[in-house]
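Participant: Got a structure for you, written out below as structure tokens; questions coming shortly.
The values are calculated or read from the model by the stated rules, or taken from the named source; none is laboratory data. Predicted model only: the values in this text are computed from it and were never measured. Positions of Cβ are backbone-derived with ideal geometry, glycine not excepted, and every protein chain shown enters the neighbour counts. The protein model used for the area step is the full one, side chains on, heavy atoms only, and it has no ligands, DNA or RNA in it. Shrake-Rupley method; radii C 1.70, N 1.55, O 1.52, S 1.80 Å.
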Amino acid sequence: MIKQYFLNTWSGIWTVLVGMKITFKHLFTPSVTIQYPDVKVELPERSRNRLYVNMDDCIGCDQCARACPVSCIEIETVKSVPGDEVGKTSNGKKKALWVTKFNIDFAKCCCCQLCVFPCPTECIKMTSIYEFSEFERDNLLYNFATLTPAEVDEKKDSYAKLEAEKAAQKAAAAAEPKPVAAPAPEKPKEESSNN
Amino acid sequence: MALKTEEMVLNMGPQHPSTHGVLRLELELEGELVLNVRPHLGYLHRCFEKHCEAMTYPQVIPYVDRLDYLAAMSNELTYAITCEKLMNIQVPERVEYIRVIMVELQRIASHLVALGTFGLDIGAFTPFLYCFIDREKILSLFELTCGARMLYNYIWIGGLSHDLHPDFIRLAKEFVQYFKPHVAELNNLLSYNKIFIERTANVGVLPLEAAINYNITGPSLRGSGIKWDLRKNDPYSIYDKFDFDIPVGKGTFGQVGDCWDRYFVRVVEMEQSLRIIEQALEQIPEGDVTSALPKRVKPPEGTVYARTENPKGELGFFIVSNGSLNPYRVKVKPPSFVNLTVLGELCKGCFISDVIAILGSIDIVMGEVDR
Amino acid sequence: MIFDWLSSLIGNEIIAGIICACLPLFLFILPFALVAVLMERKVSAHMQDRLGPMRTGYHGIIQTIADILKLFQKEDIMSNEVDKPLFNIAPVLTFIGSYAAFAAIPFTSNFIGTKLDLGIVYILGVSSFGVVSILMAGWSSNNKYSLLGAMRSAAQLVSYEIPTFLVVVTLITVTGTTSLLNLSEMQTGHFWNWMILGGPGLNLTKFLLIPFMIVGAVIVFISTLAEVNRTPFDVPEADSELVAGYYTEYSGMKFAMFFLAEYANMFAVSAIVSALFFGGYQSPFGYLGNLLGVSWLVPFEQLFWFTLKGCLFVFVQMWLRWTLPRLRVDQLMTLCWKYLIPFAFANLLIVGLLVVL
Amino acid sequence: MKNDEEIFEILKAKFGDSIIELNAKSPFEKVIVIAPLKIKEVSYFLRDDSELDFCSLVLLSGVDDANGEKVELEEGFKGIQGGTLSVYYHLESINQKQKATLKVSTSRENPEVESVSDVWRNADWHEREAFDMYGIKFLNHPDLRRILMPEDWEAGYPLRKDYRNPEFYQGMKVPY
């Protein structure tokens, strides 16, 4: 009982001294703090931050939007009419869709990188930019589509015209007894770009 | 005539320094003595289970990360194992090794937070920051591997998102060597400190029968003195290949199952995790990590329950599949949620300060409790 | 002494008294509190492998001034349910309590607020004044956390007076004086004359006293630490349990008053420990002024040594704070009643016997 | 260690009609289906029998089977009428190293299941969660309140398949 009492006293003092020794040692170890805006840590190459979309390569296949678990990517496309020059991707595939809208809402984005893997042309990727805070939440909605609204309207119009022509053709074909295989150049192309 | 006294109801939380997030405790007090504790949950409820029903199987993984956000890798592993069981996928050996390394590193990281914040609850500020410095080093390893520090989306169904970085093995070995002396330092600074022992020993004693009846899992169960670790008792992945011990609470400074035992089990577990990591880093084979990734995750119809030993306890996923691309029902067995059920029982008749200590020692994460 | 000089200079005792009273406040307490707050932040930061404030000035030197300016500008938030008079007066009283203690602390052999013969007793008396204001703050805040903190604080302060006083009584039996100035004057010369090393003179009793004096110094350091509510005894303001204890509801300048009082108190108790056991303002190696024959240098040297010793003990207090966990309320009482008081009593008895012999 | 068939046989011999079937449809785990108002009795037996010794309840999960008929309620919104809600119990025995899965199914309109919170204490919160999410009433539960959702949530039980988001909660628009 008495022994325990003195043992307690001693262990109380001793363990405090041991702890004090450790903290005193740390007084002289170099600190780990980084003066952030002045000094920045170099991010590793795989770091995942803001997304970037290279619209020259984007074929509008919508796979990234479908992979996204938070639905922060919004894509609208208009099919090109024959004769339109949509351009080629960097690995030489011909594009078939006008991407009229490619919005990424970074207020929603969770940087999970799930959109990057399915992209067939590797045009959507994670960059190492992490300082993009905004005062207005709307400013976080990034618009990647390169077309101007006027151009978008034009593309929509021309596609609607094509559709109307096709419908007319179909109607004509239906009127005729003999079915004619209507050429549909866009469809197979879209499928080939999907897979 | 005796003075008339009445009980005081004290609301602790949801904004309180040491309720580990947004837990609200309703304490019935008589002076400093706690008569009754009623936990109130749901402040962080974000419909994980409802979300899952609208997602495809791979899309659930980023959400799984956010359950126990201090141990996202472990959550991913559990979910991946569940889905692999459902789809009957065999993953390559290299993937298993990488998974084990990651999960064990994550276990150390999670325990460091648990120990550090426990110290903080008791009033020791400095060990908390030492723990966080070491944890940051682990997070840097993760960042090197998959690019994210907390919410990784790294372990996928049937594989991994990336292979290891070429430098990873060297850096991980360096980390293991760096970290070993730090456990001893933590012990000297905190674990064996007389004040700390006084505060935690004989406080919140959880008897083994009650722990099993409450289905307490993880370090809190082992603190009550039973060798029950799913890595040994129900081996998953490749844990049967490694040599490690399961620490149990021995009642060094008080009764078996007190706060100190629960705390110290975590300290020893970190050392055992280091052993596993060392072995895995030595044995890791070469190979492809993406070869077993399924093109389309469309499991057959059926129900499955799979579980792993998470840092907090037994995490399980109960998935009902109806054969479509989306899970029909995903039910989580969250260790923190179950461990928290025992809080009311443990806190009866202790002091206010002990409530904090007990809450810290059962180590909850509100992201998982509320889902 | 300085009062006499001032009253002869000005010719009016009241004005001289006011100036004399303000001198330690503006010359010492406020600058010290500024430095101590910065010191606390830097010490804690470097002990935790951090840097602490770095932006304002070189290594954040003027950070506390910036903080004070910020606190001045802050809105004085007061909830409707508080007991307004008590709520407003409590921080002022707290500060007065700690400030009053400075009246009897000898900064140098010339500069002491009042040469009380009962100096140490007076200091212990006014420092327990803090209990009242803390209870006031806790009760008037109408907040359960504040109330719990205040209750804890009252119990703690009252209990820890006892071991402090027992050690002081021990010293009185050895030295036969209760005036801090006399006590300090006794320990003049070199450091072997300090009370911790048995006091002045060279005889067998001195060497026999040394271990008991060390025990006494440790006890008085621990109990005064508890009186100023520093970790590991900060249960009244235990941030992880009671948010901020009795000053949870305070903001702006009222909060700053509590803060200032805490740091002033820290220095006051450090000064007491150093005056009792470590020679007060006395230099450990003799004075340069005496050596060179410039006697006006001596008081400045004394002030330097006094500040240095005070700061050293304040540093030890900070060091302890950033090392140790916090005690529980009942353990706090256990430590006081079951450990410190018996030890202090035994110490008193043995020292008394030694002195008689 | 006993497999599911043996456990089923033991239970069938003891309780007869209360044990409905051994559902082996799922390839991963066999489910013993039990009558909802007998589950407490069966649970006590499972826990206390030295052969079975199911000392802990690992997981209790509600599932909406959505096997009723879909009915058009209003504005294209489909409700479900009839069918069942189920509760799954995953049990484990630490000493005997065996697992079992139980299931009870109860009607969707008036879902009532015996509470097992006396048998396994952690069932308390699990049952509250199932009540919160599916509206399954656990009879004789000590404190059946909502646990994760706000206590004044009036828009129904969110994990049911025919749950519809309310437009307003406490005067606030719900999708922010």
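Participant: Specify which of the listed residues (B:Asp229, B:Asp234, B:Asp243) is more than 11 Å from chain D (Cβ to nearest Cβ), farther than 12 Å from B:Arg262 by Cβ and surrounded by fewer than 18 Cβ atoms within 10 Å (Cβ to Cβ). It would help to see each step written out before you state the result.
Facilitator: On the way: B:Asp229 fails: surrounded by fewer than 18 Cβ atoms within 10 Å (Cβ to Cβ); B:Asp234 fails: more than 11 Å from chain D (Cβ to nearest Cβ).
Matching residue, one of B:Asp229, B:Asp234, B:Asp243: B:Asp243.
Participant: What number of residues in segment B:2-51 are in a strand (DSSP E or B) and surrounded by fewer than 16 Cβ atoms within 10 Å (Cβ to Cβ)? Please lay out each step first, then the result.
Facilitator: So the first thing to find is which residues in segment B:2-51 are in a strand (DSSP E or B), and the list is B:8-12, B:24-30, B:33-40.
Applying the additional criterion that residues be surrounded by fewer than 16 Cβ atoms within 10 Å (Cβ to Cβ) yields B:8-9, B:11, B:26, B:28, B:30, B:33, B:35-36, B:38.
Adding up the residues that qualify gives 10.
Participant: Now for a separate question. Anything in segment B:52-89 that is more than 11 Å from chain A (Cβ to nearest Cβ), within 21 Å of D:Leu159 (Cβ to Cβ) and not in a loop (DSSP other than H, G, I, E, B)? List them, or say none.
Facilitator: Result: B:Glu53, B:Asn75, B:Thr78, B:Tyr79, B:Thr82, B:Cys83, B:Leu86.
Participant: Looking at segment D:141-176 only, could you name the residues that are of a type in the set (D, E, K, R) and surrounded by fewer than 16 Cβ atoms within 10 Å (Cβ to Cβ)? Give the derivation first.
Facilitator: Here is the first cut: in segment D:141-176, the ones of a type in the set (D, E, K, R) are D:143, D:145-146, D:151-152, D:154, D:160-162, D:164, D:167, D:173.
Of everything in segment D:141-176, those that are of a type in the set (D, E, K, R) and surrounded by fewer than 16 Cβ atoms within 10 Å (Cβ to Cβ) turn out to be D:Asp143, D:Arg145, D:Glu151, D:Asp152, D:Glu154, D:Arg164, D:Glu167, D:Lys173.
Participant: Here's something else I'd like to know. Name the residue, out of A:Val53, A:Val41, A:Val81, that is within 14 Å of chain B (Cβ to nearest Cβ) and either of a type in the set (Val, Ile, Thr) or in contact with an Asp or Glu (Cβ under 9 Å, 6 or more places away or on another chain) (or both).
Facilitator: On the way: A:Val53 fails: within 14 Å of chain B (Cβ to nearest Cβ); A:Val81 fails: within 14 Å of chain B (Cβ to nearest Cβ).
A:Val41 is the lone residue from the list that is within 14 Å of chain B (Cβ to nearest Cβ) and either of a type in the set (Val, Ile, Thr) or in contact with an Asp or Glu (Cβ under 9 Å, 6 or more places away or on another chain) (or both).
Participant: Okay, next question. Which residue pairs have Cβ atoms closer than 9 Å, lie 6 or more positions apart in sequence or on different chains, and pair a first residue in segment B:60-72 that is among the charged types (D, E, K, R) with a second residue that is open to solvent by 10 Å² or more (accessible area, probe 1.4 Å)?
Facilitator: Pairs found: B:Asp65/A:Cys110; B:Asp65/A:Cys112; B:Asp65/B:Ala148; B:Asp65/B:Met150; B:Asp65/B:Leu151; B:Arg66/A:Cys110; B:Arg66/B:Arg46; B:Arg66/B:Leu151.
Participant: Can I ask one more? Say whether the condition of being open to solvent by less than 10 Å² (accessible area, probe 1.4 Å), in a loop (DSSP other than H, G, I, E, B) and aromatic (Phe, Trp, Tyr) is met by at least one residue in segment B:157-173.
Facilitator: No: segment B:157-173 contains no residue that is open to solvent by less than 10 Å² (accessible area, probe 1.4 Å), in a loop (DSSP other than H, G, I, E, B) and aromatic (Phe, Trp, Tyr).
Participant: Hey, among the residues in segment C:224-281 that are in a loop (DSSP other than H, G, I, E, B) and more than 14 Å from chain B (Cβ to nearest Cβ), which one's surrounded by the fewest Cβ atoms within 10 Å (Cβ to Cβ)? So that I can check it myself, show each step before the final result.
Facilitator: Of the residues in segment C:224-281, the ones in a loop (DSSP other than H, G, I, E, B) are C:228-234, C:238, C:243-244, C:248-251, C:278-281.
Those left that are additionally more than 14 Å from chain B (Cβ to nearest Cβ): C:228, C:249-251, C:278-281.
Numbers: C:Val228: 24, C:Glu249: 23, C:Tyr250: 24, C:Ser251: 15, C:Phe278: 23, C:Gly279: 26, C:Gly280: 30, C:Tyr281: 32.
My answer is C:Ser251.
Participant: Any idea which of C:Leu292, C:Leu308 is under 21 Å from C:Arg230 (Cα atoms), open to solvent by 30 Å² or more (accessible area, probe 1.4 Å) and either touching a Phe, Trp or Tyr at 6+ places or on another chain (Cβ under 9 Å) or without any contact (Cβ under 8 Å) to a residue 12 or more places away in the chain (or both)?
Facilitator: Working: C:Leu292 fails: under 21 Å from C:Arg230 (Cα atoms).
Just one listed residue meets the conditions, C:Leu308.
Participant: Turning to a different aspect of this structure: Have a look at D:Lys40, D:Lys78, D:Lys25 and point out the one that is loosely packed, with under 14 Cβ neighbours inside 10 Å, of a type in the set (Lys, Arg) and either outside any strand (DSSP E or B) or at pLDDT 75 or above (or both). Step through it out loud before you land on a result.
Facilitator: Numbers: D:Lys40 fails: loosely packed, with under 14 Cβ neighbours inside 10 Å; D:Lys78 fails: either outside any strand (DSSP E or B) or at pLDDT 75 or above (or both).
Of the residues listed, the single one that is loosely packed, with under 14 Cβ neighbours inside 10 Å, of a type in the set (Lys, Arg) and either outside any strand (DSSP E or B) or at pLDDT 75 or above (or both) is D:Lys25.
Participant: Can you run down the residue pairs with Cβ atoms below 7 Å, 6 or more apart or on separate chains, where the first is in segment D:41-56 and in contact (Cβ under 8 Å) with a residue 60 or more places away in the chain and the partner is small (Gly, Ala, Ser) and open to solvent by 10 Å² or more (accessible area, probe 1.4 Å)?
Facilitator: Close Cβ pairs satisfying both conditions: D:Val42/D:Ser18.
Participant: Given the criterion farther than 17 Å from B:Pro327 by Cβ, away from chain A (no Cβ under 14 Å) and more than 25 Å from the chain's Cα centre (by Cα), identify the matching residue among B:Val22, B:Val34.
Facilitator: Details: B:Val22 fails: more than 25 Å from the chain's Cα centre (by Cα).
Unique residue meeting the criteria: B:Val34.
Participant: Where the second residue is part of a helix (DSSP H, G or I) and open to solvent by 30 Å² or more (accessible area, probe 1.4 Å) and the first is more than 7 Å from every other protein chain (Cβ to nearest Cβ) and at pLDDT 85 or above and lies in segment A:5-31, which pairs have Cβ atoms under 6 Å and are six or more apart or on separate chains?
Facilitator: From segment A:5-31, no pairs qualify.
Participant: For segment C:38-58, name all the residues that are away from every other protein chain (no Cβ under 11 Å) and open to solvent by 20 Å² or more (accessible area, probe 1.4 Å).
Facilitator: C:Leu38, C:Met39, C:Arg41, C:Thr56, C:Gly57, C:Tyr58
Participant: For residues that are touching a residue at least 24 places away in the same chain (Cβ under 8 Å) and open to solvent by 10 Å² or more (accessible area, probe 1.4 Å), tally how many sit in segment C:205-216. It would help to see each step written out before you state the result.
Facilitator: First pass over segment C:205-216, keeping only residues touching a residue at least 24 places away in the same chain (Cβ under 8 Å): C:205, C:208-209, C:212-213, C:215-216.
Then keep just the ones that are open to solvent by 10 Å² or more (accessible area, probe 1.4 Å); that gives C:205, C:208, C:212, C:215.
Of the residues in segment C:205-216, 4 are touching a residue at least 24 places away in the same chain (Cβ under 8 Å) and open to solvent by 10 Å² or more (accessible area, probe 1.4 Å).
Participant: Check segment B:138-154 and report whether any residue there is crowded, with 20+ Cβ neighbours inside 10 Å, within 14 Å of chain C (Cβ to nearest Cβ) and under 22 Å from A:Pro30 (Cβ atoms).
Facilitator: No: zero hits.
Participant: Here's another thing I want to ask about it. Please indicate, with yes or no, whether at least one residue in segment A:149-156 is touching a residue at least 40 places away in the same chain (Cβ under 8 Å), under 23 Å from A:Asn49 (Cβ atoms) and open to solvent by less than 40 Å² (accessible area, probe 1.4 Å). Talk me through it step by step, then tell me what you get.
Facilitator: Within segment A:149-156, the subset touching a residue at least 40 places away in the same chain (Cβ under 8 Å) is A:152, A:155-156.
Those still in the list that are under 23 Å from A:Asn49 (Cβ atoms) too: none.
No, there is no match, as no residue in segment A:149-156 is touching a residue at least 40 places away in the same chain (Cβ under 8 Å), under 23 Å from A:Asn49 (Cβ atoms) and open to solvent by less than 40 Å² (accessible area, probe 1.4 Å).
Participant: Would you tally the residues in segment A:13-66 being in contact with a helix residue (DSSP H, G or I) (Cβ under 6 Å, 6 or more places away or on another chain), within 29 Å of B:Tyr152 (Cβ to Cβ) and of a type in the set (A, V, I, L, M, F, W, C)?
Facilitator: Matching residues across segment A:13-66 total 2.
Participant: Out of the residues in segment B:90-126 meeting the condition of being facing chain C (nearest Cβ under 9 Å) and not polar (S, T, N, Q), tell me which one is most open to solvent (accessible area, probe 1.4 Å). Spell out the reasoning first.
Facilitator: Of all residues in segment B:90-126, those facing chain C (nearest Cβ under 9 Å) come to B:119-126.
Those still in the list that are not polar (S, T, N, Q) too: B:119-125.
Numbers: B:Gly119: 0, B:Leu120: 50, B:Asp121: 6, B:Ile122: 0, B:Gly123: 12, B:Ala124: 0, B:Phe125: 73 Å².
Per the criteria, the residue is B:Phe125.
Participant: Please pick out the residue among B:Ala71, B:Ala80 that is under 16 Å from the mean Cα position of the chain (by Cα) and open to solvent by less than 30 Å² (accessible area, probe 1.4 Å). So that I can check it myself, show each step before the final result.
Facilitator: Working: B:Ala80 fails: under 16 Å from the mean Cα position of the chain (by Cα).
Just a single option satisfies the conditions, and that option is B:Ala71.
Participant: Next question, about the same structure. For segment B:206-225, which residues satisfy the criterion of being assigned to a loop (DSSP other than H, G, I, E, B) and crowded, with 22+ Cβ neighbours inside 10 Å? Let's see the steps before the verdict.
Facilitator: Keep residues of segment B:206-225 that are assigned to a loop (DSSP other than H, G, I, E, B), which gives B:206-207, B:214-218, B:224-225.
Correct list: B:Leu206, B:Tyr214, B:Asn215, B:Ile216, B:Thr217, B:Gly218, B:Ser224.
Participant: Another question about this same structure. Does segment B:103-112 include one or more residues that are under 19 Å from the mean Cα position of the chain (by Cα), over 30 Å from D:Arg164 (Cβ atoms) and free of Cβ contacts under 8 Å to residues at least 12 places away in the same chain? Before you say what the answer is, go through the steps one by one.
Facilitator: Within segment B:103-112, the subset under 19 Å from the mean Cα position of the chain (by Cα) is B:103-112.
From what is left, the residues that are over 30 Å from D:Arg164 (Cβ atoms) are B:103-112.
This time we only want the ones that are free of Cβ contacts under 8 Å to residues at least 12 places away in the same chain, so: none.
No.
Participant: In segment A:48-78, how many are among the hydroxyl-bearing types (Ser, Thr, Tyr) and surrounded by 19 or more Cβ atoms within 10 Å (Cβ to Cβ)? Break it down stepwise before answering.
Facilitator: Step one: list which residues in segment A:48-78 are among the hydroxyl-bearing types (Ser, Thr, Tyr), which gives A:52, A:71, A:77.
Pick out the ones that are also surrounded by 19 or more Cβ atoms within 10 Å (Cβ to Cβ) and you get A:77.
Result for segment A:48-78: 1.
Participant: Check B:Asn193 against each of (1) under 22 Å from B:Val355 (Cβ atoms); (2) open to solvent by less than 10 Å² (accessible area, probe 1.4 Å); (3) out of contact with any Gly (no Cβ under 7 Å at 6 or more places or on another chain) and name the one condition it does not meet.
Facilitator: For B:Asn193, the exception is condition (3).
Conditions tested, residue by residue: (1) of a type in the set (Lys, Arg); (2) touching a helix residue (DSSP H, G or I) at 6+ places or on another chain (Cβ under 8 Å); (3) under 19 Å from C:Leu30 (Cα atoms).
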{"site": "C:Leu204", "(1), (2), (3)": "no, no, no"}
{"site": "C:Phe207", "(1), (2), (3)": "no, no, no"}
{"site": "C:Pro211", "(1), (2), (3)": "no, no, no"}
{"site": "C:Ala238", "(1), (2), (3)": "no, yes, no"}
{"site": "C:Tyr250", "(1), (2), (3)": "no, yes, no"}
{"site": "C:Val269", "(1), (2), (3)": "no, yes, yes"}
{"site": "C:Lys309", "(1), (2), (3)": "yes, yes, yes"}
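Participant: Out of C:Thr334, C:Thr323, which single residue is among the polar types (S, T, N, Q), crowded, with 22+ Cβ neighbours inside 10 Å, under 30 Å from B:Ile352 (Cα atoms) and within 14 Å of chain B (Cβ to nearest Cβ)?
Facilitator: Numbers: C:Thr334 fails: crowded, with 22+ Cβ neighbours inside 10 Å.
Residue meeting the stated conditions: C:Thr323.
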